[in-house]
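The values are calculated or read from the model by the stated rules, or taken from the named source; none is laboratory data. None of the values given here were measured: they were computed from a predicted structure. In this analysis, Cβ positions are derived from the backbone assuming ideal geometry, glycine residues included, and neighbour counts consider all displayed protein chains. Heads up: the accessible areas ignore ligands, DNA and RNA and are worked out on the full protein's heavy atoms, side chains in. Shrake-Rupley method; radii C 1.70, N 1.55, O 1.52, S 1.80 Å.
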Amino acid sequence: MDLPNRWLLLALLVGVNVLCQDYDDAYESNYSENDAEVLLPPPLEYMDIYAPYPLGCAPECFCPPSYPYAMYCNNRKLRAIPAIPRHIRHLYIQSNDIEALAAEPFANATSLTDINLSHNSLKSPLVDRKALAKLKSLLHLHLDYNQLEEVPPSLPKTLHRLSLGFNKISKLSVDAMQGLAGVAVLDLCNNRLTDAGIKGKVLSGMKSLMQISMCGNRLKSMPSELPASLILLSLDNNSISSIPEGYFKKTPNLLSLRMSYNKLKAVPYKVFNLSSLTELNLGHNQLSRAFYVPRALQHLYLNDNEFLNLNVSLMCSSLDQDNPNLLTYIRIDNNRLKRAIDYYIYACFPRIQTIFYGEQKAEKKPPPTTKKGPPPPKKASPRLKGDKENNDGDAE
């Protein structure tokens, strides 16, 4: 190798050595004991939710290897809840014979987010008040199809969805409901709720509630003090006979109202005048008078009522081409309509696509009246052979 090339190679080696030394010196000058603490692995409770726990599974259940954070205990004729390992997040224990909800099986199950205990035999006297209180990650709890007579107390405040349908609940206590401010979806269908059981402000504290279903209960009037956050209200299959004037002023964000299979005969003219209402189901009632249809409404169900004439001009009091009504579907079958719908409906509701007219009920006929005439003559009793007649011709 010639001399100039050797000098070039020597200069390169010296430069690299100096650069590496400068880097090492800079690293050592900035390093401290505090940095060592940062480099340590974080505590287990602050790690990712899928951090590797010592995995395990209750012997009565199945935890799939592809997703070991779910434990399937359904349809196994269990009479008690098995101990739940710490890493389990989804517990499926529906369709068993469990009557008691104890705290012991959940002692270490602090990672649970979903519990399905539906289709069991849970009884309120056998529910431990603190059974689920420590589950600070619980979001969804399914307790439908049991034998509960009240809402279990001390439920976690983290709950987002609570299903209690098909039980025997007749009353909502303030004690049980006050901790459910975070619940957005509440299902209470097919219980035994009465007006007295939900009176007062028992529901008003649920500031996050967006959907409540109370279908199939024993209500005779509209529930009081609903939260303003509500967007879906289901009251089908009750015995509600009226809606007070201005009732929905406290729920201005309502999108859907379902009140089929009730006993409504008439409603205040503008009771449904809500800017966001898009679905209104009033089928299977006894309505016979039209009411104001709000501009945002898209689906209207009036089937199985007592309408003799659908007064479209009352349903749509004014026309506004710049801000038209959005109704696209109306169902009016099984009423007592005698003629087709007025063509004015297409001017009132320019976006209408379907008018389900269907069959109509037969006209009511008055019961037949019968005139009372003179009573039929009495037949003479036959005379037996050998009877003698007296002077008046009667037999002795």
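Annotations
- Just one of the listed residues (Pro82, Pro68, Pro105) is surrounded by 17 or more Cβ atoms within 10 Å (Cβ to Cβ) and modelled with pLDDT under 95, namely Pro68.
- Residue in segment 290-312 that is among the hydroxyl-bearing types (Ser, Thr, Tyr) and closer than 13 Å to Cys348 by Cα present: yes
- In the set Asn305, Asn273, only one residue is within 13 Å of Leu257 (Cα to Cα) and at pLDDT 95 or above; that residue is Asn273.
- Subset tally (residues that are surrounded by 15 or more Cβ atoms within 10 Å (Cβ to Cβ) and at pLDDT below 90) for segment 167-176: 1
- Number of the condition not met by Ser154 [criteria: (1) under 23 Å from Asn120 (Cβ atoms); (2) modelled with pLDDT of 95 or more; (3) open to solvent by 20 Å² or more (accessible area, probe 1.4 Å)]: (2)
- Considering segment 340-354, and only residues there that are open to solvent by less than 50 Å² (accessible area, probe 1.4 Å) and either at pLDDT 95 or above or assigned to a loop (DSSP other than H, G, I, E, B) (or both), the residue that is nearest to Cys316 (Cα to Cα) turns out to be Phe349.
- The listed residues are Asp236, Asp187, Asp144, and the only one of them that is surrounded by fewer than 20 Cβ atoms within 10 Å (Cβ to Cβ) and either at positive phi or acidic (Asp, Glu) (or both) turns out to be Asp236.
- Subset of segment 291-306 that is of a type in the set (A, V, I, L, M) and farther than 14 Å from Pro324 by Cα - its residue that is surrounded by the most Cβ atoms within 10 Å (Cβ to Cβ): Leu302
- The sole residue among Leu300, Leu327 that is modelled with pLDDT of 95 or more, among the hydrophobic types (A, V, I, L, M, F, W, C), closer than 25 Å to Leu255 by Cβ and not in a loop (DSSP other than H, G, I, E, B) is Leu300.
- Residue count for segment 255-275 under the criterion of being over 19 Å from the mean Cα position of the chain (by Cα) and not hydrophobic (A, V, I, L, M, F, W, C): the result is 7.
- Residue check for Leu337: without any contact (Cβ under 8 Å) to a residue 60 or more places away in the chain, touching a Cys at 6+ places or on another chain (Cβ under 8 Å) and either among the aromatic types (Phe, Trp, Tyr) or not in a strand (DSSP E or B) (or both): no
- Taking segment 85-102 as the range and being more than 28 Å from the chain's Cα centre (by Cα) and open to solvent by less than 10 Å² (accessible area, probe 1.4 Å) as the test, only His87 passes.
- Wholly enclosed strands (runs of 3 or more DSSP E) of segment 178-262 bearing at least 1 residues aliphatic (A, V, I, L, M), over 21 Å from Gly283 (Cβ atoms) and at pLDDT 95 or above: 185-187
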